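Engineer: Structure provided below as structure tokens; questions to follow.
Quick note: the coordinates plus some simple rules give every number you see, no bench work behind them. What you see is a predicted model, and the numbers here were worked out from it, not measured in a lab. All Cβ positions, even for glycine, are placed from backbone atoms using ideal geometry, and neighbour counts span all protein chains on display.
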Amino acid sequence: MLDEQLRKLEEEACSWGDTVHYATVPPIFKKCNGSFLWDTKNQKYLDWQMWYSACSFGYRNEFITKALKKQIDELPQLACQYLHKERILLSKEIVDITSRTVGLDGRVQFNVGGSSAVEDAIKLARNYTHKQLAFAYYGGYHGRTLGATAVTSSARYRKNYGHFGDRAIFIPYPYCFYCFYDMKPENCNLYCAKMFEKMFETEYFSVVDKKSDPEPGLIIFEAIQGTGGYAKPPEGYFKKVAEVCRKHNILMIDDEIQMGFFRTGRMWSIEHYGITPDIIVFGKALTNGMNPISGIIGKKELMAHDIWGPSMTHCTFSSNPLGTACGLAVMDLIKHENFAEKADHIGEYLTKQLKEFETEYPIIGYVDNIGAAIRVEITHPDGRTPNREACNRIFNRGLTPNIKSSNGKTYGLILDQGGWYKSTFTIAPNLYSTDDELDLGVELFEKIVKKVSDDLE
Ligand SMILES: Cc1ncc(COP(=O)(O)O)c(C=O)c1O
């Protein structure tokens, strides 16, 4: 069937309520491998976002595919009310690595999809604290189910769905490039963390009264915001926030759905900040995008069997054997390969080259990275004002697969737009990328940036 026919059918049969139509002309893909996708015309695209890091370990990773095939032949289906080996072993792997890396001694449970796991985390915290309210961050993204939307900052995601009575109290995230308080990290002395602390000073700031714990019982955060733009909070920030939370009995939920599994060069991105959260939420790369499952790990006291007992949550497909088998294969890969080193190399290698564009192209405002999470701020020539128009053009140009490389072949480049102003490229390459693939990406990106810069002049 021709693309044109498929597009016509899509218009007729498919809802546009998801995110496909962010692109002016969404390509139709038929094949993937490693760092690349191919469309129906066999045109090749280098992927610099890998399904928002759900496929961090490369498309069609052979090791994971093998585990999936084995599971298909043995026990592909089982109601989540029964036990199977992979479910138990995967939980144990996550328990061990989380204890070792962030000192959280906990228990694990699964779900399907990140938003549902976020909801489970919120329920777990509410069940323990018996409190309904939450703190969450400007720019934070935790999903689109109703509960997850209540702690996701974008007003656009809420506006059509009525009143969110338990909407979080949103506070500024330390996205220093676009500091909410217009300060500079060199001399702000963690002003935003201090403002958070100040909220607890008097009952008239609406959070706490002197005689009792505050109304909010949890704070949900991404140690590195994914959709929010891969910004790096400054050293010491989360320590200060943790101090305030401990003092006021506020549970800390660390959403690692996008940044977990070595995107930032660590199993959990919160490892960069030396604090121990109470609950970690994970998803995406847990199965490398194959038969997706998600989950939470919560401290043992929150998940004591008599406090958090049978049927506190349920999802028919939560710990399905195909998903747990893929998850176990991913944990096996993590044990045997040095993804910390791989991610750090990718980040440094790309950032060094992309940083040169800051001076060469006025629309490239700032480039930075944490492991293999690289961000490029697209700005006006002042180097600061967000330039969404240029960002949109670069994104759409990348989806047109006729960018000529010096190797004589043509490619597209898959990019993702994020950040508070949708003017940030959040670059997340395959963690197995070769240097040649990284060089190819830089070459394609520069060609697009040059073309868009010329067009805008
Ligand atoms: C940090 C974070 N939390 C939650 C979610 C929601 O996950 P899902 O789309 O699987 O529901 C996402 C998805 O992008 C995410 O990046």
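Engineer: Can you give the three extents of the C-alpha atoms in the stretch 332-457 along their principal axes, from longest to shortest, in whole Å?
Structural biologist: Cα extents, longest axis first: 50, 34, 22 Å.
Engineer: To continue, here is another question. For the stretch 80-97, just list the computed ³J(HN,Hα) in residue order, Karplus coefficients 6.51, -1.76 and 1.60, θ = phi - 60°, integers in Hz, with x standing in for Gly and Pro.
Structural biologist: With coefficients 6.51, -1.76 and 1.60, one gets 6, 7, 10, 9, 9, 4, 4, 4, 6, 5, 5, 4, 5, 4, 5, 4, 5, 5 Hz.
Engineer: If I stretch the segment between D332 and H130 completely, what's the gain in nm (0.36 nm per residue apart, minus their alpha carbon distance), one decimal? It would help to have the intermediate numbers written out before the result.
Structural biologist: Details: separation 202, 0.36 × 202 = 72.72 nm, distance 3.78 nm.
Residue separation times 0.36 nm, minus the Cα-Cα distance, leaves 68.9 nm.
Engineer: Once phi is turned into ³J(HN,Hα) by the Karplus curve 6.51 cos²θ - 1.76 cosθ + 1.60 with θ = phi - 60°, what whole-Hz value does each residue of the stretch 57-62 show in order, with x for glycine and proline?
Structural biologist: Going residue by residue, I get 9, x, 5, 6, 3, 4 Hz, with x marking Gly and Pro.
Engineer: What ³J(HN,Hα) values, in whole Hz, does the Karplus curve 6.51 cos²θ - 1.76 cosθ + 1.60 give for the stretch 386-398 when θ = phi - 60°, with x put for Gly and Pro?
Structural biologist: x, 10, 5, 4, 5, 5, 4, 5, 5, 4, 5, 4, x
Engineer: Now for a different question. For E203 and W16, FRET efficiency with R0 = 35 Å and r from the beta-carbon atoms, rounded to 0.05? Numbers along the way, then the final one.
Structural biologist: On the way: r = 47 Å, r/R0 = 1.33.
Computed FRET efficiency for W16 and E203 comes out at 0.15.
Engineer: Normalising by the residue count of the chain, find the relative contact order in percent from Cα pairs under 8 Å and 6+ residues apart. Before the final figure, lay out each step's value.
Structural biologist: Numbers: 893 pairs, mean separation 97.3, N = 457.
Relative contact order comes out at 21 percent.
Engineer: Calculate how many DSSP beta bridges within the chain are antiparallel, expressed in % of all such bridges and rounded to the nearest 5. Could you put the intermediate results ahead of the total?
Structural biologist: Values: 33 of 50 bridges.
Approximately 65 percent, going by the DSSP bridge assignments.
Engineer: When ranked by the protection proxy of mean other Cβ atoms within 10 Å per residue, highest first, what sequence do the peptides 441-447, 236-242, 263-269, 82-88 form?
Structural biologist: Numbers: 441-447: 20.3, 236-242: 18.7, 263-269: 25.9, 82-88: 15.7.
Ranking, from highest mean packing down: 263-269, 441-447, 236-242, 82-88.
Engineer: Looking only at the stretch 75-336, where both bridge partners belong to it, what percent of the DSSP beta bridges are antiparallel (to the nearest 5)? Could you put the intermediate results ahead of the total?
Structural biologist: Values: 10 of 23 bridges.
Roughly 45 percent of the beta bridges in the stretch 75-336 run antiparallel, per DSSP.
Engineer: Separate question: State the extension gain, in nm to one decimal, for the chain segment bounded by E74 and D435, taking 0.36 nm per residue of separation less the distance between their alpha-carbons. Can you show the working numbers first?
Structural biologist: Values: separation 361, 0.36 × 361 = 129.96 nm, distance 3.85 nm.
So the chain would gain 126.1 nm between E74 and D435.
Engineer: Which whole-number percentage describes the relative contact order of the stretch 75-336, with Cα contacts under 8 Å and a sequence gap of 6 or more?
Structural biologist: 29
Engineer: For the stretch 140-223, calculate the relative contact order in percent as a whole number, restricting contacts to Cα pairs under 8 Å that are 6 or more residues apart.
Structural biologist: 17
Engineer: Now for a separate question. Over all directions, average the projected area of the Cα convex hull of the stretch 235-349 and note it in nm². Let's see the in-between values first.
Structural biologist: On the way: hull surface 35.2 nm².
Its Cα hull, projected and averaged over all orientations, spans 8.8 nm².
Engineer: Once you compute Rg and the Kirkwood Rh from C-alpha atoms, what is the Rg to Rh ratio for the chain? Walk me through the intermediate numbers first.
Structural biologist: On the way: Rg = 22.1 Å, Rh = 23.0 Å.
My calculation puts Rg/Rh at 0.96.
Engineer: When you count, for each residue, the other Cβ atoms within 10 Å and take the mean per peptide, how do 338-351, 379-392, 158-171, 287-300 rank with the highest first? Kindly include the intermediate steps, with their values, before the conclusion.
Structural biologist: Details: 338-351: 19.1, 379-392: 16.6, 158-171: 12.9, 287-300: 24.2.
In descending order of packing, they fall as 287-300, 338-351, 379-392, 158-171.
Engineer: Additional query: Please give the direction-averaged projected area of the C-alpha convex hull for the stretch 75-336, in square nanometres with one decimal. Don't skip to the end; give the middle numbers.
Structural biologist: Details: hull surface 57.9 nm².
So the mean shadow area of the Cα hull is 14.5 nm².
Engineer: Which value in deg cm²/dmol, rounded to the nearest 500, describes the helix-derived mean residue ellipticity at 222 nm for the chain, given -39,500 (n - 2.57) per DSSP H run of n ≥ 4 and division by the residue count? It would help to have the intermediate numbers written out before the result.
Structural biologist: Numbers: 12 runs with 156 residues, N = 457.
-11000 deg cm²/dmol, from helical runs alone.
Engineer: Here is a follow-up. Quick check on the stretch 153-304: take the gyration tensor over C-alpha atoms, sort the square-rooted eigenvalues as a ≥ b ≥ c, and tell me if it's rounded (a/c under 1.5), prolate or oblate. Provide the component values of the computation, followed by the final result.
Structural biologist: Working: a/c = 1.42, a/b = 1.26, b/c = 1.13.
Because its axes are fairly even, with a/c under 1.5, the stretch 153-304 counts as rounded.
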